[in-house]
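Input: a single structure, listed below in structure tokens.
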Amino acid sequence: MSQILNSGLLKNPDAITGKRVVLSFFLFVFLLAALAEARPSNKWRICFNHRAKSFGVIVFHVVPEGGSPYEVRVEVEEGWSENTVAKAAVLAFRKQLPPDDFKIKRDSGEDMVVKKSRGRPDFDLHLMNSTVANVHIKIKRR
């Protein structure tokens with residue numbers, strides 16, 4: 001450290017410490033916000049917007065409280081509308097999740113709803129990855 005101070009590269013070491021404190025604070029706030037979002041729910045809405053400009057795969061994780069995560073993969077073709085993407089997602093969720101644990105339905109064309117079955121635990125739903133160009137995906141807790 002003394003070599004850096006003597007070299008003139010670091011004229012104010014207190015400024016660096018202050019920047020670290022500010023950066024640490026914002027990182028802490030970001031982590032708290034992420035934890036607040038990680039609340040399981042009994043129902044989630046997934047909204048798809050815009051036409052697919054490429055072939056790709058959308059990957060979701062469904063994580064029941066106290067259970068193992070499920071991975072749901074939705075294959076999308078180039079040129080599909082948001083409604084067609086939602087329809088493919090509904091079919092993929094129905095095929096890849098246990099039917100006794102979840103109810104999946106399409107809602108208003110470009111939206112879908114994933115709901116737990118009666119007596120099943122609440123769950124988290126996360127978008128893990130999408131290689132589909134131009135399709136915007138929003139997940140909303142209900």
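Tabulated values for the structure
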| read-out | value |
| --- | --- |
| Proximal lysines to LYS43, defined as alpha-carbon separation beneath 16 angstrom and excluding residues fewer than eight positions away on the same chain | LYS103, LYS105, LYS115, LYS116, LYS138, LYS140 |
| Sites GLU77 and HIS126, calculated FRET efficiency, Cβ-Cβ separation with R0 30 Å, nearest 0.05 | 0.80 |
| Separation of the SER68 and PHE55 label points, Cα + 7 Å toward Cβ, nm | 3.1 nm |
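Read-outs throughout are calculated quantities, based only on the coordinates presented, and are distinct from any laboratory measurement. Bear in mind that the values here come from a model prediction, so they are computed numbers and not experimental data. All Cβ positions, even for glycine, are placed from backbone atoms using ideal geometry, and neighbour counts span all protein chains on display.
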